[in-house]
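Working notes, structure below.
The values are calculated or read from the model by the stated rules, or taken from the named source; none is laboratory data. The structure presented is a predicted model; accordingly, all values stated were derived computationally and were not measured. All Cβ positions, even for glycine, are placed from backbone atoms using ideal geometry, and neighbour counts span all protein chains on display.
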Amino acid sequence: MACHYYPPCPQPHLTIGSSKHTDPFCLTILLQDHNQGLQVRNHDRWVDMPKSAQGALVVNVGDFLQLITNDKFKSVEHRVVAQSSTTRSSVACFFGPGSENKYRLYGPAKELVLLGGDHVEPVYREVHLVEFLDYFKSNGSPLSHFKLS
Ligand SMILES: O=C(O)CCC(=O)C(=O)O
Ligand SMILES: [Fe+2]
């Protein structure tokens with residue numbers, strides 16, 4: 001879980017709340033307050049997330065879910081831009097394989113690779129969570145690194 005507090009910045013164009021990234025796990029469930037700032041990347045455009053209705057949760061797909069679904073679900077690149085006069089708070093909960101499975105090998109799920117009876121080539125090699133997260137910590141999104149050529 002990560003709790004974020006973004007103070008106002010009088011010159012928001014000179015800073016960034018949170019730099020662009022994808023989340024590494026399967027799903028992120030995000031509670032944000034009523035102030036805007038979160039943006040998601042749609043092709044080459046940054047799109048403002050609309051203000052959440054009271055109590056609404058934002059659900060982001062992460063890189064590990066993209067890997068095990070063989071690209072059926074795509075992780076979303078996002079960032080938080082600073083605001084000139086309002087603060088912003090958010091709480092993000094990250095969901096993925098438990099640490100008891102950290103050395104288990106995961107790859108594109110056979111059920112998804114073979115969906116509909118048609119054979120679909122796996123896009124990624126098998127990897128365990130420790131290797132996946134180590135790569136993420138040093139380099140950002142690990143997806144292209146674990147792609148089969
Ligand atoms: O503060 C936000 O809305 C986003 C936080 C976030 O992207 C993260 O914790 O990974
Ligand atoms: Fe994030």
(request) Could you figure out which of (1) farther than 30 Å from Tyr6 by Cα; (2) under 18 Å from the mean Cα position of the chain (by Cα) isn't true of Asp118? (result) (2)
(request) For region 6-14, state whether one or more residues are assigned to a strand (DSSP E or B) and closer than 28 Å to Val123 by Cβ. (result) no
(request) Considering every residue within region 16-34, establish whether at least one is more than 20 Å from Tyr135 (Cβ to Cβ) and basic (Lys, Arg). (result) no
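Mind listing just one residue for me: the one in region 13-39 that is of a type in the set (Val, Ile, Thr) and near ligand 2 (Cβ under 10 Å from one of its atoms) and, of those, surrounded by the most Cβ atoms within 10 Å (Cβ to Cβ)?
Among those residues, the one meeting the criterion is Thr28.
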(request) Please work out which residue is modelled with the highest pLDDT, limiting yourself to region 106-128 and to residues that are among the hydrophobic types (A, V, I, L, M, F, W, C) and farther than 14 Å from Leu65 by Cα. (result) Val120
(message) Give all pairs with beta carbons closer than 8 Å in which a residue from region 21-44 that is more than 11 Å from ligand 1 (Cβ to nearest atom) meets a residue that is aliphatic (A, V, I, L, M); count only pairs at least 6 apart in sequence or on separate chains.
(response) Cys26/Val61; Cys26/Leu65; Cys26/Ile68; Leu27/Val59; Leu27/Val61; Leu27/Leu65; Arg41/Val47; Arg41/Val76
